[in-house]
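Undergrad: I have a structure here, written as structure tokens, and I will follow up with some questions on it.
The values are calculated or read from the model by the stated rules, or taken from the named source; none is laboratory data. Nothing here was measured: the structure is a model prediction, and the numbers come from that model. Glycine gets a Cβ as well: all are built from the backbone with ideal geometry, and neighbour counts include every protein chain shown. Note: accessible area is taken over every heavy atom of the protein model, side chains too, but ligands, DNA and RNA are not part of it. Shrake-Rupley method; radii C 1.70, N 1.55, O 1.52, S 1.80 Å.
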Amino acid sequence: MSFSVLNPATEEVVAEIAEADACAVDAAVEAGAKVFAAGTWSRASVEQRQDMLRKIARLIEAHADELADLESLNTGLLLREARRRHVARAARNFDFFADYIGQSVGELYQQHPGFLTMVLREPVGVAALIAPWNAPLALGSMKIAAAIAFGNSCVIKPSEQAPLAIMRMVEIIAEAGLAPGVLSLVNGRGAVTGEALVRHRLVDLVSFTGGTATGRRIASAAGEGLKAVTMELGGKSANIIFESADFDRALDAALLGVFDNNGQQCLAGSRILVQRSIADRFIEAFAARTKAIRIGDPRDPATELGPVASAAQRERVLEHYARAIDEGAIGLAGGGRPAGLPRGFYVEPVAVEAPSNDLAACQEEIFGPFATIIRFDTAEEAYAIANGTRFGLVSYVWSRDAAQIAEAQERLESGVVWINTPVARELRAPFGGFKESGVGAEGGRACEAFYTRQKTVMTPRRPVALERLGTA
Ligand code: NDP
């Protein structure tokens with residue numbers, strides 16, 4: 001069986017890809033387990049692993065144009081963003097973990113009389129890495145870099161919608177000289193290839209980024225096999241703009257926060273909460289700017305919003321718009337397909353004002369260029385709305401009042417809180433969601449905890465007293 005991969009900007013088939021069935025998945029996992037047991041990579045010195053990770057990073061940089069081209073072609077992401085952010089991030093992920101493993105430390109306990117107790121960390125085995133379609137390179141490279149940095153083998157399954165750039169990156173990693181079997185790639189549908197991978201008896205770890213419903217299913221399958229999971233799932237994040245905010249910066253960041261990456265990002269600030277005293281002015285400006293966003297070919301440097309990834313995602317945006325209006329929202333911008341772009345999964349960016357946080361558009365992750373704006377009066381009300389969701393990935397706060405900022409960062413129920421900034425990433429710190437936005441986290445120590453297992457070794461400082469059985 002094979003499947004077609006499309007260019008979302010033209011709807012043309014750009015590749016036909018063979019699907020990995022259970023046998024192909026088995027071969028990839030077996031190869032990972034075999035090389036792991038042999039110790040070629042799993043017991044390689046830290047210096048050897050650092051050298052390899054850095055070599056991979058340099059090769060990714062050397063192929064940056066090619067990788068960015070493939071990522072944009074296959075996802076509809078703006079070419080300039082794919083080059084500037086996604087490919088750069090992929091290289092950075094390998095450099096980051098090269099640095100990290102050079103500084104990581106174990107534990108030593110010496111309180112027990114007569115003993116020194118060491119806690120060592122060692123790689124776990126074979127990791128299944130399941131990557132989504134909205135930022136395949138940036139997110140897939142994080143998983144690969146973390147898994148191999150700590151000595152594991154891994155098998156990556158990209159999304160069937162957007163495998164091209166990850167496929168090329170995996171080839172580049174092989175060209176760097178990583179031992180065969182340490183990293184394999186399997187292509188195919190989630191329900192076939194993904195499921196076979198997650199359920200494989202020799203897979204020890206499952207790292208998933210994607211939708212909450214899929215995450216639940218994968219976590220259940222992994223749970224049956226008692227495999228550890230990390231899940232980076234959906235979000236419906238609040239961007240709270242207090243009247244004390246720097247209005248112009250908050251406006252710029254709110255637009256970026258929801259329409260960046262063609263609106264398809266788990267950390268989108270898709271619920272914009274605006275304090276009533278500044279709401280009229282904000283809503284008017286936000287609607288005008290949304291209408292002025294330049295939609296078009298993701299390869300054109302002037303484009304600000306490319307197509308969404310698939311026809312299904314476009315329909316999802318349009319259906320949610322119609323439903324929001326039915327439920328009482330005020331349409332401010334968007335709601336249709338843009339004129340002059342008959343081919344490609346283009347959709348106008350949407351802005352609606354929601355009368356309440358209960359609307360489907362405020363509760364469900366739409367994963368497209370769709371902003372809902374909600375007015376609030378008091379900070380208490382803002383926290384109640386922000387936390388009134390089953391998700392808890394990130395939050396954004398715009399304010400120049402120090403006490404208000406201190407309170408907001410305490411009250412918001414999300415894994416990350418960004419104050420007066422759009423998305424910023426600190427790889428040393430954990431990135432992970434509360435509630436239905438995830439299990440576990442990614443980041444330096446968070447990845448070390450997930451991709452290694454601890455071993456306690458006790459050594460007596462002097463011979464221990466032994467009772468001598470059978471000598472009576
Ligand atoms: P999924 O969450 O289903 O896809 C993510 C990855 O999981 C893909 O590689 C997919 O493969 C794979 N997968 C799907 N089912 C299984 C399974 N049973 N076992 C193993 N792997 C599986 O994304 P969807 O395309 O269904 O998107 C649904 C919604 O998820 C979006 O609308 C959005 O709300 C959210 N989403 C969130 C993301 C995030 O970054 N947090 C990223 C992507 C989506 P394949 O694509 O080949 O089927």
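Undergrad: Would you pick out the residues in region 208-247 that are closer than 16 Å to SER395 by Cβ and more than 16 Å from the chain's Cα centre (by Cα)?
TA: ALA238, ASN239, ILE240, ILE241, PHE242, ALA245
Undergrad: So which residues in region 264-290 are within 21 Å of PHE367 (Cα to Cα) and touching a helix residue (DSSP H, G or I) at 6+ places or on another chain (Cβ under 8 Å)?
TA: GLN264, ALA268, GLY269, SER270, ARG271, ILE272, LEU273, PHE286, ARG289, THR290
Undergrad: Let me confirm something: among ALA91, ALA98, ALA57, ALA20, which residue is more than 30 Å from VAL464 (Cα to Cα), touching a Lys or Arg at 6+ places or on another chain (Cβ under 6 Å), open to solvent by less than 20 Å² (accessible area, probe 1.4 Å) and not polar (S, T, N, Q)?
TA: Only one candidate qualifies: ALA98.
Undergrad: May I ask you to list the residues in region 231-258 that are within 16 Å of the ligand (Cβ to nearest atom), touching an Asp or Glu at 6+ places or on another chain (Cβ under 7 Å) and of a type outside the set (D, E, K, R)?
TA: Result: LEU233, GLY234, GLY235.
Undergrad: Follow-up question, since we're still on this one. How many residues does region 429-456 contain that are in contact with a helix residue (DSSP H, G or I) (Cβ under 6 Å, 6 or more places away or on another chain) and without any contact (Cβ under 8 Å) to a residue 24 or more places away in the chain?
TA: Residues that pass the stated criteria total 1.
Undergrad: How many of the residues making up region 438-470 are assigned to a loop (DSSP other than H, G, I, E, B) and open to solvent by 70 Å² or more (accessible area, probe 1.4 Å)?
TA: Residues in region 438-470 being assigned to a loop (DSSP other than H, G, I, E, B) and open to solvent by 70 Å² or more (accessible area, probe 1.4 Å): 9 in total.
Undergrad: Mind listing just one residue for me: the one in region 329-352 that is more than 18 Å from SER237 (Cβ to Cβ) and in contact with a Ser or Thr (Cβ under 8 Å, 6 or more places away or on another chain) and, of those, most open to solvent (accessible area, probe 1.4 Å)?
TA: Within region 329-352, the match that is most open to solvent (accessible area, probe 1.4 Å) is ARG343.
Undergrad: Shifting gears a bit: Does GLU30 count as more than 26 Å from the chain's Cα centre (by Cα) and under 25 Å from ILE295 (Cβ atoms)?
TA: Judged against the criteria, GLU30 is not a match.
Undergrad: Please go through region 150-160 and give me each residue that is touching an Asp or Glu at 6+ places or on another chain (Cβ under 9 Å) and open to solvent by less than 10 Å² (accessible area, probe 1.4 Å), ordered by number.
TA: Result: GLY151, ASN152.
Undergrad: Give the number of residues within region 161-180 that are out of contact with any Phe, Trp or Tyr (no Cβ under 8 Å at 6 or more places or on another chain), open to solvent by less than 30 Å² (accessible area, probe 1.4 Å) and closer than 22 Å to MET52 by Cα. Full working, then the answer.
TA: Narrowing region 161-180 to residues out of contact with any Phe, Trp or Tyr (no Cβ under 8 Å at 6 or more places or on another chain): 163-177, 180.
Then drop every residue that is not open to solvent by less than 30 Å² (accessible area, probe 1.4 Å), which leaves 163-166, 169-170, 172-173, 176.
Then keep just the ones that are closer than 22 Å to MET52 by Cα; that gives 165-166, 169-170, 172-173, 176.
So the answer is 7.
Undergrad: Only one of these conditions is not met by GLU365: (1) within 20 Å of TYR396 (Cα to Cα); (2) of a type in the set (Asp, Glu); (3) more than 16 Å from the ligand (Cβ to nearest atom). Which number is it?
TA: (3)
Undergrad: Now, a different point. Checking the conditions here, which among ALA361, ALA406, ALA382 is assigned to a helix (DSSP H, G or I) and open to solvent by 30 Å² or more (accessible area, probe 1.4 Å)?
TA: Result of the check over ALA361, ALA406, ALA382: ALA406.
Undergrad: OK, next. Of all residues being within 9 Å of the ligand (Cβ to nearest atom) and part of a loop (DSSP other than H, G, I, E, B) in region 195-217, which is surrounded by the most Cβ atoms within 10 Å (Cβ to Cβ)? Just the residue, please.
TA: Among those that are within 9 Å of the ligand (Cβ to nearest atom) and part of a loop (DSSP other than H, G, I, E, B), it is GLY210.
Undergrad: Between VAL416, VAL397, VAL423, which is under 19 Å from PHE247 (Cα atoms), out of contact with any Ser or Thr (no Cβ under 7 Å at 6 or more places or on another chain) and surrounded by 23 or more Cβ atoms within 10 Å (Cβ to Cβ)?
TA: Testing whether each residue is under 19 Å from PHE247 (Cα atoms), out of contact with any Ser or Thr (no Cβ under 7 Å at 6 or more places or on another chain) and surrounded by 23 or more Cβ atoms within 10 Å (Cβ to Cβ) leaves just VAL397.
Undergrad: What do you reckon, is GLY188 in contact (Cβ under 8 Å) with a residue 24 or more places away in the chain, on the phi > 0 side of the Ramachandran plot and open to solvent by 10 Å² or more (accessible area, probe 1.4 Å)?
TA: no
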